[in-house]
Structure formats: structure tokens, C-alpha cells
Amino acid sequence: MPGWVVVRVLGAGAMSEDVAAVAGARVVRLRALAWQVFVPTAVFGMGAGAAVPMYPLRALELGAGAGVAGIVVALSGFGQILADLPAGQLIARIGDRRSVAAASVCGALGVLLAIAAPNLGWLAAGMLLTGAASAPWPPVRPGPPAPRCFPCGRRTSA
């Protein structure tokens, strides 16, 4: 139990500060996690989501049919699958922050490549790069921190 993090949500904690002190845990307010956990994830998600409608239109503009445009857009998901294992190795080697920063730069380059693509091959490469950029995010920013803060037997107890 020492070293656990107890997260207090909107002033109502799962454990009181007294219990946390006795247990050797430290209390972290959810607001303190916002800039480290939620804001970077939201910015990356909104940026990636805002660019999605542009990709099939760009493929159609470059002369692709509807089916080929769909395949080019699907390359983003394929790029994430290809980059999942290397992303895990990168996270283990250089850490969370640096891997997310590198992934963000990779994603920006992929979007720029897709926007400025002179042909479908470059657009496909940009889509693969954009998908690969999203691979480090799930292991680094896994969403709500509660599953890592409390043991399975204590999650539903009041």
C-alpha cells in the first residue's frame, strides 16, 4: 500500500486524507492531473479528429476513386497497428514524455505530408505516419487513473 496514489474527485475522495496518511498513500487532486493527463490527450485527439474529414477529400482531389480513398484513409489505422510494438519499445527506452513528444512531431509531419501530397503515394505515406503517431498515446495516457490507484477489491467499496 505505501506509494499508492489516492485520487480525490471534486472534493469527495474515495479515501479520506486521514486514512491515506495512515496507509502511507499520498492524496492527489484530480484537478492537478488535468494538465498532465487530460489536456495533452484532448489536444491530440481534437487535432487528429479535425483533420480526418480532409483525408478522403484530398484523396479524391488527387484522382482516387471512392474505394481507393477509403483504403488510403484506412492506412492510418494500419500505421497504428504497425507502430504499436515499436512504440512500446520507444516508451521503455526514452520514457513517457519524450515518446509522446516524438509522436506528436511525427503526427504533425504526417498531417503536413498528407496536406501537401503531390500524389496518392505521398498521401498514403502521410496517413501511415499519422497512424504511427497515435500508437504511443494509449499506453502513456490510459484514461482515468482509478484502475491504477486502487486494488480490484477496493474499487467498489464505499
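The numbers here are math on the coordinates, done by the rules we state, and not lab data. Owing to the predicted nature of the structure, the values given are computational and were not obtained by experimental measurement. No Cβ is skipped: glycine too gets one built from the backbone with ideal geometry, and neighbour counts run over all protein chains shown.
By the count of other C-beta atoms within 10 Å, a proxy for reagent exposure, ILE71, ILE91 are ordered fewest to most as ILE71, ILE91. Ordered by the number of other Cβ atoms lying within 10 Å of each residue's own Cβ, fewest first, ARG93, ARG98 fall into the sequence ARG93, ARG98. Around ALA69, under 14 Å between beta carbons, what's the net of Lys plus Arg minus Asp minus Glu among the other residues? Charge balance in the 14 Å sphere: 0. In a simple Cβ point-charge model (Lys, Arg +1; Asp, Glu -1; nothing else charged), segment 37-143 has a dipole of about 240 debye relative to its Cα centre. Estimated from the Cβ-Cβ distance and a Förster radius of 35 angstrom, the FRET efficiency linking ALA116 and TRP35 is about 0.60.
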